[in-house]
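Enquirer: Sharing a structure here in structure tokens format.
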Amino acid sequence: MDTPLKWWRRQGWGRRTVVICLFLYVLYLVVVGLILPGWLRGKAEEELSSLLGRTVTVEKVSLNPFVLSATVEGFDIADDRTDTLLGFQRLFVNAQFWSSLFHWRPWVREISLDGLDAGMWRGKGGELSIDDILADSHSRPPMRIALIRMAPIPWRAANRSSKTSPSSNNRNPGSHGNSR
């Protein structure tokens, strides 16, 4: 019976390279898929809470190492009066690795935000619920974010109200209100 070291020495460079690549790929999958999401969740809550001076909660962070997508669920920045200053149910970001590699800049294919909830208020003296955050931001150095190019994004607004105005019922969009 061979020891692992003897087996390793008997293998050619091609097999050694394949074994090393497979080991590194499995290590990448374990770190990105299993370890990193929990660490990111805790780190995001800690850093954002200290940065904003508010309680920040994140229910779940999941990363898909195969297609390079990230999902954040249950994000909430707490507020004393409105319970939620800013929050969302789900944020999905799908990056494109090969496009990013060939274009030498981050390339994002899809960003999806579901269940956005914002509760900002204005006091009697004109103060806003985010004045404390804005005041603290002036004492820190500015954060620099560079966007090189952004493709036009088709936006669609959905009417979520159940009531419709009587003037808009049964109107052909191409008629512009002219009926004959």
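Enquirer: For segment 83-101, enumerate the residues that are more than 21 Å from residue 61 (Cα to Cα) and modelled with pLDDT under 80.
Expert: 98, 99, 100, 101
Enquirer: Kindly list, by first and then second residue, each pair from a residue in segment 50-73 that is within 24 Å of residue 106 (Cα to Cα) to a residue that is assigned to a loop (DSSP other than H, G, I, E, B) and of a type in the set (S, T, N, Q), limited to pairs with Cβ atoms under 9 Å and residues at least 6 apart or on different chains.
Expert: The qualifying pairs are 67/96; 68/96.
Enquirer: Which of the residues that make up segment 103-119 are at pLDDT 80 or above and either closer than 22 Å to residue 48 by Cα or part of a helix (DSSP H, G or I) (or both)?
Expert: Once the filter is applied, which keeps residues that are at pLDDT 80 or above and either closer than 22 Å to residue 48 by Cα or part of a helix (DSSP H, G or I) (or both), segment 103-119 yields 111, 112, 113, 114, 115, 116, 117, 118, 119.
Enquirer: Would you point out the residue of segment 17-75, among those that are farther than 25 Å from residue 100 by Cα and among the small types (Gly, Ala, Ser), that is nearest to the chain's Cα centre (by Cα)?
Expert: Result: 74.
Enquirer: Any residue in segment 104-117 that's exposed (fewer than 13 other Cβ atoms within 10 Å of the Cβ): show its pairings with residues that are of a type in the set (D, E, K, R) and part of a strand (DSSP E or B) at Cβ separation under 7 Å, as long as the two are six or more apart or on different chains.
Expert: Partner pairs satisfying both residue conditions: 114/90; 115/90.
Enquirer: Among (1) in contact (Cβ under 8 Å) with a residue 40 or more places away in the chain; (2) loosely packed, with under 15 Cβ neighbours inside 10 Å, where does residue 79 come up short?
Expert: Unmet condition: (2).
Enquirer: Identify the residue in segment 74-93 that is among the acidic types (Asp, Glu) and part of a strand (DSSP E or B) and, among all such residues, is nearest to residue 46 (Cα to Cα). Steps first, please.
Expert: Restricting attention to segment 74-93, the residues satisfying the condition of being among the acidic types (Asp, Glu) are 76, 79-80, 83.
Cutting the leftovers down to part of a strand (DSSP E or B) gives us 76, 79, 83.
Details: 76: 13, 79: 17, 83: 19 Å.
Looking at residues that are among the acidic types (Asp, Glu) and part of a strand (DSSP E or B), I get 76.
The values are calculated or read from the model by the stated rules, or taken from the named source; none is laboratory data. As the structure is a computational prediction, the values presented were derived from the model and not from experiment. In this analysis, Cβ positions are derived from the backbone assuming ideal geometry, glycine residues included, and neighbour counts consider all displayed protein chains.
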